[in-house]
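S.K.: Dropping the structure in here first, questions after.
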Amino acid sequence: MGVRARLARYAAGLPAPFVVAVPGGARCRVAVEAELRRRGWTPVADPVACDALLVCGEPGDELAAAVDAVWAGVPAPRVRVDLPSRASAREVAAALDGLVPVLADVPAQRAEAARTAAKPWPPPAEHAEHDDESGHGGGGMEMGGPGGVALASRAPDRDGLKLDVLHVPLGPVLAWWPAGLRVAVTLQGDVVQSADVELLPGAVAETFWDVPAGTPRRAAARRRAAARLDALARFLGAAGWPARAAEAARHRDDLLADAFREARVRRFARSVRRSRTLRWMARGVPPSYLAWLDDVETTLAELHEPGEDPAAWRNGERGSCARGGRDAAGCGERGPGFRELGESLVGVELGTARLIVASVDER
Amino acid sequence: MIPATVLFWALAVGAVAGGVAVFAVGSMARATFALLASFLCVGGELLVLDLDYLGVLVVLMMIMEMLVMAVFMVMFMMNPAGLMPMSMVHNRWGALGISGAVFAALAAGIVLTPWPHRAGRPPRDPTRALGLAIMGPKMPVMMGIGLAILATMIASVVLATRRGRYGDAE
Amino acid sequence: MSGERTPVWAVVALPAAVGLLAYAVAVFDAVAVEGMRGRAFARPLRRAALLAVRQRRTTLAADRLLLGAGVAVLPAAALLAALVVPVGGVPVVASPVGIVWFNAAEVATWAAAWLVGWGPNAAFSLVGGYRFLAQGLAYELPHMFVLITVAVGAGSLDLTAVAAAQRHLWFAVQMPVAFALYLVSASALAFWGPFAHPLDGALGADLSGADRLLFLGGRCAMLAVAGAAAVPLFLGGGAGPLLPAPVWSLVKTLAVLAALVFAGARVPRLRMDRFLAAAWTVLIPVALLQLLVVAVTR
């Protein structure tokens, strides 16, 4: 066995997964994230860096095409796993067990590498507009540049400069990003000039976070707190605080499994709220995360209130809408949050745009 | 160790080659870095000549300068990787004539100048000697002026910008 | 440099030492971000192995030449910076202008970041490269003033002499503000921890295989060398009781690196538009004040 083969097998012992969130697949995604954490397989932030693409749920046609485009850019050794949205924890674990042998199969991966290398990447011809869903490999829209590559056009910038205009998609396959969200942005420099928001649907509706009537009070409260922690994990991840994001996800999974320690969740909520740096960085961004932290704490308190009927949980009731005022983007029925998103992204820098997106919770 | 003479000539050829490359490559980005490579070779020459401080300073300043130039030259012009080949040459024949004449004049200067012979020995600390030679007893004044210039630059930029690129200046 | 003989062993020992320190940084980072769950020592090795054997894919119409240059510059700059850093009082190259040399090598990260941003022909990557240049100036100026402060305090630009000048009292105690600023600006120049803003889905996001390994490894190496330089600059070099000087150098270096990495993981990433304003209006004046204090009291 050659050195490269040995190294490849050694590397296969610690896969670098990338989790693709699909609308309707929250249950599966949560199970996958919990199982990844149990194994210590920390997800990577860029799809190009992953060797295991884990698609959680059944994407609709458009989203499936976007995932395929991202998959085409993942270098070998690689493995893709499509998990159904109803996958149980055991099925998830079995699927992840199956990854390692595939990644360690050196001859097969060599063949895969030869096969992908033969194809041009990114595919230049048919979907020039949609070929870089991850936001990578950007270019312009006008055709006619050298090698059939589009060149950017120019337009006056708001600073009075004449800058190139680029049309690039943000999402839908991105880390710390809402499932199925695609924001087609027009960029000048690193400032978003316009943004079109589009929600690519999954094949099944999302019901995981819903609390049906008649749910026992405790279970309902746990589910609600877990939903908020899920959104918090996404926000903290987008804010570049991976350690805290992982903590939020861990508390989420503990709550769902009813294995949580209330004091720890509270300590987590307190310390995130106390972070001055995070407040400083979140200035100008809808302060949803503070409302979510409030939600988590009040919901935890509900676990101790005897006899009260479980109020049906709606966004308008408590938290983001009642308190913030400025974070109207998180309010109302499902969807409007994203609709208003486009306007709030105009004139902000890319990193801030990701924070703004992460501070919208579609639930 | 490689003899200093070999190093000197290697760097000299590198510097000139970098300079030529500026006009031979097809993208502004490559031209910028060809120029940087040329300057780094010049910095290396100074190091070979045991002018440590000047040599390192040239390396430091040229990296910063060329990178800042890269920003201004290419600005936020987002045709990355120089898709459109473009030439760095304007007025080809006139430029060739002028640069050829200047090169010949400078080279002639090297040959024709009666170079003095070394008198005395190099100082123990050339950096200190250099500073004294340039600034002499005016050292604190010069440093004060340097700081004042920096403060003026920062202050004038702060005062001149009504708002930053990302919204109101804080 | 100035004609001192470089020992032959250094050609092998220096990259090995820098590599080991970079590995230590990667291990600290794995523990700081992912927690102390099993085999933290193996994680960076397995990840490096994956990148080493991995297929290299490039984006459409990438500038391979400049991308390759950018990817190689980062580890090369770390090695060049390490040349003048004394370990136990002995650097590989004893330079009378070591501090300036060290800074020149650090500034090469600018070139690396811009080239890696430009090369892949991808919008977000390019944005990352440009952003880092804008930030780089805001980090480099305080950094430079801090290094000047140290040089003024020691009366020398030679790192070995700087370490020797702290025989009685460490510069970390004499000029605490400069020390703090050094740690902040050094991690910023390696775009580490809260200063990783350019990496946020941008810089290096399109790199695969060996390119990615060199880029990310070079980043670890850059931080490692900056941490190692903090020892002669502020922590008295190899001075210490009982243990030999090189051991003290190593212990102090690892302590600085652990502090940088673990403290970095405790803070969310700083947004560049926010921090840039703070760097210009707070860090630079504070650095100048510290310089003034040191210059007057000396």
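The values are calculated or read from the model by the stated rules, or taken from the named source; none is laboratory data. All of these numbers come straight from a predicted model, not from anything done at the bench. Note that each Cβ is placed from the backbone with ideal geometry, even for glycine, and that neighbours are counted across all protein chains shown. Surface accessibility is based on the protein's heavy atoms, side chains included, excluding ligands, DNA and RNA. Shrake-Rupley method; radii C 1.70, N 1.55, O 1.52, S 1.80 Å.
S.K.: Is it the case that B:VAL56 is more than 30 Å from B:ARG118 (Cβ to Cβ), among the β-branched types (Val, Ile, Thr), at pLDDT below 95 and surrounded by 15 or more Cβ atoms within 10 Å (Cβ to Cβ)? Steps first, answer last, please.
M.R.: Details: more than 30 Å from B:ARG118 (Cβ to Cβ): no; among the β-branched types (Val, Ile, Thr): yes; at pLDDT below 95: yes; surrounded by 15 or more Cβ atoms within 10 Å (Cβ to Cβ): yes.
No; evaluated as a whole, the condition is false for this residue.
S.K.: Kindly state which helices (runs of 4 or more DSSP H) lie completely within segment C:220-298 and contain at least 3 residues that are more than 14 Å from chain A (Cβ to nearest Cβ) and farther than 28 Å from B:THR152 by Cβ.
M.R.: C:245-265
S.K.: From the list A:LEU255, A:LEU236, exactly one residue is touching a residue at least 24 places away in the same chain (Cβ under 8 Å), in contact with a Phe, Trp or Tyr (Cβ under 8 Å, 6 or more places away or on another chain) and either open to solvent by less than 10 Å² (accessible area, probe 1.4 Å) or part of a loop (DSSP other than H, G, I, E, B) (or both). Which is it? Let's see the steps before the verdict.
M.R.: On the way: A:LEU255 fails: in contact with a Phe, Trp or Tyr (Cβ under 8 Å, 6 or more places away or on another chain).
Being touching a residue at least 24 places away in the same chain (Cβ under 8 Å), in contact with a Phe, Trp or Tyr (Cβ under 8 Å, 6 or more places away or on another chain) and either open to solvent by less than 10 Å² (accessible area, probe 1.4 Å) or part of a loop (DSSP other than H, G, I, E, B) (or both) holds for just one of A:LEU255, A:LEU236, which is A:LEU236.
S.K.: Right, next: Within segment C:259-274, how many residues turn out to be open to solvent by less than 40 Å² (accessible area, probe 1.4 Å) and out of contact with any Pro (no Cβ under 9 Å at 6 or more places or on another chain)?
M.R.: Taking segment C:259-274 first, the residues open to solvent by less than 40 Å² (accessible area, probe 1.4 Å) are C:260-261, C:264-265, C:268-274.
So of that shortlist, the ones also out of contact with any Pro (no Cβ under 9 Å at 6 or more places or on another chain) come out as C:260-261, C:271, C:273-274.
Summing the residues that are open to solvent by less than 40 Å² (accessible area, probe 1.4 Å) and out of contact with any Pro (no Cβ under 9 Å at 6 or more places or on another chain) in segment C:259-274 gives 5.
S.K.: Restricting to segment A:180-202, and then to whatever is in contact with a strand residue (DSSP E or B) (Cβ under 7 Å, 6 or more places away or on another chain) and not in a strand (DSSP E or B), can you tell me which residue is farthest from A:LEU63 (Cα to Cα)? It would help to see each step written out before you state the result.
M.R.: Residues of segment A:180-202 in contact with a strand residue (DSSP E or B) (Cβ under 7 Å, 6 or more places away or on another chain): A:180-200, A:202.
Those left that are additionally not in a strand (DSSP E or B): A:180, A:189-190, A:200.
On the way: A:GLY180: 7, A:GLY189: 28, A:ASP190: 26, A:LEU200: 6 Å.
Only one residue fits best here, namely A:GLY189.
S.K.: Test A:ALA45 against the stated conditions and say whether it is at pLDDT 85 or above, surrounded by fewer than 21 Cβ atoms within 10 Å (Cβ to Cβ), more than 18 Å from A:ARG182 (Cβ to Cβ) and within 14 Å of another protein chain (Cβ to nearest Cβ). Before the answer, list the steps.
M.R.: On the way: at pLDDT 85 or above: yes; surrounded by fewer than 21 Cβ atoms within 10 Å (Cβ to Cβ): yes; more than 18 Å from A:ARG182 (Cβ to Cβ): yes; within 14 Å of another protein chain (Cβ to nearest Cβ): yes.
Yes.
Let's see how each residue does on (1) within 14 Å of chain C (Cβ to nearest Cβ); (2) more than 30 Å from A:SER275 (Cβ to Cβ); (3) in contact with a Ser or Thr (Cβ under 9 Å, 6 or more places away or on another chain):
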{"site": "A:PRO178", "(1), (2), (3)": "no, no, no"}
{"site": "A:ARG182", "(1), (2), (3)": "no, yes, no"}
{"site": "A:ASP190", "(1), (2), (3)": "yes, no, no"}
{"site": "A:ALA203", "(1), (2), (3)": "no, yes, yes"}
{"site": "A:PRO212", "(1), (2), (3)": "no, yes, no"}
{"site": "A:PRO216", "(1), (2), (3)": "no, yes, no"}
{"site": "A:ARG224", "(1), (2), (3)": "no, no, yes"}
{"site": "A:ALA231", "(1), (2), (3)": "no, no, yes"}
{"site": "A:ALA238", "(1), (2), (3)": "yes, no, yes"}
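S.K.: Name the residue that is farthest from C:GLY209 (Cα to Cα), counting only residues in segment C:32-69 that are among the β-branched types (Val, Ile, Thr) and in a loop (DSSP other than H, G, I, E, B).
M.R.: Step one: of segment C:32-69, the residues among the β-branched types (Val, Ile, Thr) are C:33, C:53, C:58-59.
Subsequent filtering for residues that are in a loop (DSSP other than H, G, I, E, B) retains C:58-59.
Numbers: C:THR58: 10, C:THR59: 13 Å.
Ranking the candidates gives C:THR59 first.
S.K.: Also: Restrict the check to segment A:314-332 and report whether at least one residue is modelled with pLDDT of 80 or more and open to solvent by 60 Å² or more (accessible area, probe 1.4 Å). Please lay out each step first, then the result.
M.R.: Going residue by residue through segment A:314-332, those that are modelled with pLDDT of 80 or more are none.
Looking for residues that are modelled with pLDDT of 80 or more and open to solvent by 60 Å² or more (accessible area, probe 1.4 Å), one finds none in segment A:314-332, hence no.
S.K.: To continue, here is another question. Tell me which residues, restricted to segment C:30-75, are more than 9 Å from chain A (Cβ to nearest Cβ), open to solvent by 40 Å² or more (accessible area, probe 1.4 Å) and more than 21 Å from the chain's Cα centre (by Cα).
M.R.: Correct list: C:MET36, C:PHE41, C:ARG64, C:LEU65.
S.K.: Mind listing whichever residues of segment A:72-83 are buried (at least 17 other Cβ atoms within 10 Å of the Cβ) and hydrophobic (A, V, I, L, M, F, W, C)?
M.R.: The answer is A:VAL74, A:ALA76, A:VAL79, A:VAL81, A:LEU83.
S.K.: Based on what the data block shows, is A:THR352 outside any loop (DSSP other than H, G, I, E, B), open to solvent by 10 Å² or more (accessible area, probe 1.4 Å) and at pLDDT 50 or above?
M.R.: Numbers: outside any loop (DSSP other than H, G, I, E, B): yes; open to solvent by 10 Å² or more (accessible area, probe 1.4 Å): no; at pLDDT 50 or above: yes.
No.
S.K.: Which is surrounded by fewer than 20 Cβ atoms within 10 Å (Cβ to Cβ) and either closer than 19 Å to A:ALA246 by Cβ or of a type in the set (Gly, Ala, Ser) (or both), of A:ARG39, A:ARG86, A:ARG90, A:ARG6?
M.R.: A:ARG39
S.K.: While we're looking at this one, here's another question. Please count how many residues of segment A:199-233 are of a type in the set (Asp, Glu) and touching a residue at least 40 places away in the same chain (Cβ under 8 Å).
M.R.: The initial filter retains those residues of segment A:199-233 that are of a type in the set (Asp, Glu), namely A:206, A:210, A:230.
Right, trim to touching a residue at least 40 places away in the same chain (Cβ under 8 Å) and you get A:206, A:230.
Qualifying residue count for the region: 2.
S.K.: Separate question: I'd like to verify a number: residues in segment A:277-288 that are open to solvent by less than 60 Å² (accessible area, probe 1.4 Å) and within 14 Å of chain C (Cβ to nearest Cβ), how many?
M.R.: Filtering segment A:277-288 for residues open to solvent by less than 60 Å² (accessible area, probe 1.4 Å) gives A:277-278, A:281-282, A:284-288.
Right, trim to within 14 Å of chain C (Cβ to nearest Cβ) and you get A:277-278, A:281-282, A:284-285.
Summing the residues that are open to solvent by less than 60 Å² (accessible area, probe 1.4 Å) and within 14 Å of chain C (Cβ to nearest Cβ) in segment A:277-288 gives 6.
S.K.: I've got another one for you. Looking at segment B:3-31, which of the residues that are within 30 Å of C:ALA61 (Cβ to Cβ) and outside any helix (DSSP H, G or I) is farthest from the chain's Cα centre (by Cα)?
M.R.: Filtering segment B:3-31 down to residues within 30 Å of C:ALA61 (Cβ to Cβ) leaves B:14, B:17-31.
Now narrow it down to the ones that are outside any helix (DSSP H, G or I): B:25-27.
Working: B:VAL25: 19, B:GLY26: 22, B:SER27: 20 Å.
It comes out as B:GLY26.
S.K.: Search segment A:17-28 for residues being open to solvent by 10 Å² or more (accessible area, probe 1.4 Å) and touching a helix residue (DSSP H, G or I) at 6+ places or on another chain (Cβ under 9 Å), and hand back the single one that is farthest from the other protein chains (Cβ to nearest Cβ).
M.R.: For segment A:17-28, the residue satisfying everything is A:PRO23.
S.K.: Which members of segment B:125-142 meet the condition of being modelled with pLDDT of 80 or more, open to solvent by 80 Å² or more (accessible area, probe 1.4 Å) and within 13 Å of chain C (Cβ to nearest Cβ)?
M.R.: Of everything in segment B:125-142, just one residue is modelled with pLDDT of 80 or more, open to solvent by 80 Å² or more (accessible area, probe 1.4 Å) and within 13 Å of chain C (Cβ to nearest Cβ), namely B:ARG128.
S.K.: OK, next. Tell me the residue from C:VAL247, C:VAL251, C:VAL282 that is within 30 Å of B:SER156 (Cα to Cα), surrounded by fewer than 22 Cβ atoms within 10 Å (Cβ to Cβ) and not basic (Lys, Arg), please. Lay out the reasoning, then the answer.
M.R.: Numbers: C:VAL247 fails: within 30 Å of B:SER156 (Cα to Cα); C:VAL251 fails: within 30 Å of B:SER156 (Cα to Cα).
Of the residues listed, the single one that is within 30 Å of B:SER156 (Cα to Cα), surrounded by fewer than 22 Cβ atoms within 10 Å (Cβ to Cβ) and not basic (Lys, Arg) is C:VAL282.
S.K.: Write out, first by first residue and then by second, each pair whose Cβ atoms fall under 8 Å of each other, whose residues are 6+ apart or on separate chains, and whose first residue, in segment A:70-89, is over 14 Å from A:ALA21 (Cβ atoms) while the second is crowded, with 17+ Cβ neighbours inside 10 Å and among the hydroxyl-bearing types (Ser, Thr, Tyr).
M.R.: A:ALA72/A:THR116; A:GLY73/A:SER134; A:PRO75/A:THR116; A:PRO75/C:SER208; A:ALA76/A:THR116
S.K.: Within segment A:146-156, does at least one residue satisfy the condition of being at pLDDT 70 or above and either under 21 Å from the mean Cα position of the chain (by Cα) or within 14 Å of chain C (Cβ to nearest Cβ) (or both)?
M.R.: No, segment A:146-156 has no match at all.
S.K.: Then there's this: Checking the conditions here, which among A:ARG274, A:ARG266, A:ARG224 is surrounded by fewer than 18 Cβ atoms within 10 Å (Cβ to Cβ) and touching a helix residue (DSSP H, G or I) at 6+ places or on another chain (Cβ under 7 Å)? I'd like the intermediate steps shown before the answer.
M.R.: Numbers: A:ARG274 fails: touching a helix residue (DSSP H, G or I) at 6+ places or on another chain (Cβ under 7 Å); A:ARG224 fails: surrounded by fewer than 18 Cβ atoms within 10 Å (Cβ to Cβ).
Matching residue, one of A:ARG274, A:ARG266, A:ARG224: A:ARG266.
S.K.: Do we have A:ALA108 as open to solvent by less than 70 Å² (accessible area, probe 1.4 Å), more than 9 Å from chain C (Cβ to nearest Cβ) and modelled with pLDDT of 85 or more here?
M.R.: So A:ALA108 passes the test.
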